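The values are calculated or read from the model by the stated rules, or taken from the named source; none is laboratory data. Not measured: the values here are computed from a predicted model. Using ideal geometry, Cβ is built from the backbone for each residue, glycine included, and neighbour counts are taken over all protein chains shown.
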Amino acid sequence: QSEAERRISFFAQSLSTPIPEPLPVDNMPTFTVMIPHYSEKILLSLREIIREDEPYSRVTMLEYLKQLHPHEWDCFVKDTKILADETSQFNGDYEKSEKDAQKSKIDDLPFYCIGFKSAAPEYTLRTRIWASLR
């Protein structure tokens, strides 16, 4: 067979191949690319993240993002708690007793509310980056 016959044969067979039904647009995942322009902010300040934007709205940007991305927020909180535990162990502040284990849920509230317990720059920066990337 010549190359031309092979190509024509392949083309003819491809015309009779059944085409699968496309997915509905509603089922397709969204894809967004954000490109900063000029002096557009890339990293939000902590004040922008935790303040209420509108006077008639009681929802902060961080609360909105936590509701929008609950699994990512849970992973972020777990990572931050591990980082805080490692830091306290490194500083020698770490003595865990049964009483401390019972109070851990109460002590962890700041992590779940704003993403950090200590106002140290490395913790606030982590929360700012998490919110800015979403």
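Taking Glu72 as the residue in question, decide whether it is surrounded by 12 or more Cβ atoms within 10 Å (Cβ to Cβ), modelled with pLDDT of 80 or more and within 16 Å of Ala131 (Cβ to Cβ).
On the way: surrounded by 12 or more Cβ atoms within 10 Å (Cβ to Cβ): yes; modelled with pLDDT of 80 or more: yes; within 16 Å of Ala131 (Cβ to Cβ): yes.
In short, yes.
Could you list, in sequence order, the residues of the range 104-134 that are assigned to a loop (DSSP other than H, G, I, E, B) and at pLDDT 80 or above?
First pass over the range 104-134, keeping only residues assigned to a loop (DSSP other than H, G, I, E, B): 108, 115-120, 133-134.
Leu133 - this is the single residue of the range 104-134 that is assigned to a loop (DSSP other than H, G, I, E, B) and at pLDDT 80 or above.
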